[in-house]
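For reference, the structure is listed below as structure tokens.
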Amino acid sequence: MAVAPLGSGRYAVATEHGAYLVDVPEHRCTCPDHAFRGERCKHLRRVAIEITEGAVPPPSHVAAGCAVCSTTTFVHRDAPRPHLCDRHALSRGDLATDRETGATVLVVGVSPRRADEVRIESHDCTVAEYETNRSYPGDDPVVTAVFPAGAEFDDGTTPDSLRLYSFPVSRLRRLDTGNE
Ligand SMILES: [Zn+2]
Ligand SMILES: [Zn+2]
């Protein structure tokens, strides 16, 4: 049996005898077993198993492509964009490494806006056009971050910890995961 999520808690279950529609919140299936005998049919059971195994999203979640790598990830249907997979997820308060400078930054926010839409006023260009960002995708969501208080640049100066910097999300690597 092949299970495909349709959204809103509904799933298509394809079998060699035909395809059926399973509605998990309503606890219904369109197969004859369920319709005529009111049984908890094998299609409902199959969907429950696949949800438990993580093969299909639970009723409250939808499948979405990660904004960085397009990997399918299950997100709550009300989750704000951008959708990011576990590897690329960054959220407020995360420490991350800037791949260009090796500096550690503290994430303040993840914006749904793209690097080629957000302007850096002080340089009169977009985040995507900024010199050290040009090798990152223009459609990356923009992450705002600050340098943690007390951080030092290589030259020994201490950056202004209140200044917000904007990065394409794939330029930052979350510190705890060691992802590439
Ligand atoms: Zn059924
Ligand atoms: Zn990803």
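The table below gives the values:
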{"quantity": "Count - residues of the range 9-44 that are surrounded by 13 or more Cβ atoms within 10 Å (Cβ to Cβ) and either within 21 Å of Phe74 (Cα to Cα) or away from ligand 1 (no atom under 11 Å from the Cβ) (or both)", "calculated": "11"}
{"quantity": "Residue tally, condition part of a loop (DSSP other than H, G, I, E, B) and open to solvent by less than 50 Å² (accessible area, probe 1.4 Å), over the range 70-92", "calculated": "8"}
{"quantity": "Cβ pairs under 6 Å, 6+ apart, first in the range 40-69 and over 30 Å from Arg171 (Cα atoms), second of a type in the set (Ser, Thr, Tyr)", "calculated": "His43/Tyr20; Val47/Tyr11"}
{"quantity": "Single residue of the range 45-56 satisfying the filter (modelled with pLDDT of 90 or more and part of a loop (DSSP other than H, G, I, E, B)) that is least open to solvent (accessible area, probe 1.4 Å)", "calculated": "Val56"}
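Residue-by-condition table, conditions (1) open to solvent by 60 Å² or more (accessible area, probe 1.4 Å); (2) at pLDDT 90 or above; (3) under 16 Å from Val68 (Cβ atoms):
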{"position": "Thr97", "(1), (2), (3)": "no, yes, yes"}
{"position": "Asp116", "(1), (2), (3)": "yes, yes, yes"}
{"position": "Ile120", "(1), (2), (3)": "no, yes, no"}
{"position": "Ala128", "(1), (2), (3)": "no, yes, yes"}
{"position": "Arg134", "(1), (2), (3)": "yes, yes, no"}
{"position": "Asp140", "(1), (2), (3)": "no, yes, yes"}
{"position": "Val143", "(1), (2), (3)": "no, yes, yes"}
{"position": "Thr158", "(1), (2), (3)": "yes, no, no"}
{"position": "Arg173", "(1), (2), (3)": "yes, yes, yes"}
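Listed here are the residues, each with its yes/no results for (1) in the same structural domain as Phe167 (by TED's automatic domain parsing); (2) touching a Ser or Thr at 6+ places or on another chain (Cβ under 9 Å).
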{"site": "Phe36", "(1), (2)": "no, no"}
{"site": "Ala55", "(1), (2)": "no, no"}
{"site": "Val75", "(1), (2)": "no, no"}
{"site": "Leu84", "(1), (2)": "no, yes"}
{"site": "Leu90", "(1), (2)": "no, no"}
{"site": "Glu100", "(1), (2)": "yes, yes"}
{"site": "Val105", "(1), (2)": "yes, yes"}
{"site": "Val118", "(1), (2)": "yes, yes"}
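The values are calculated or read from the model by the stated rules, or taken from the named source; none is laboratory data. As the structure is a computational prediction, the values presented were derived from the model and not from experiment. Cβ sites come from the backbone with ideal geometry, for glycine too, and all protein chains shown count toward neighbours. Quick note on the areas: whole protein, heavy atoms, side chains included, nothing else; ligands and nucleic acids left out. Shrake-Rupley method; radii C 1.70, N 1.55, O 1.52, S 1.80 Å.
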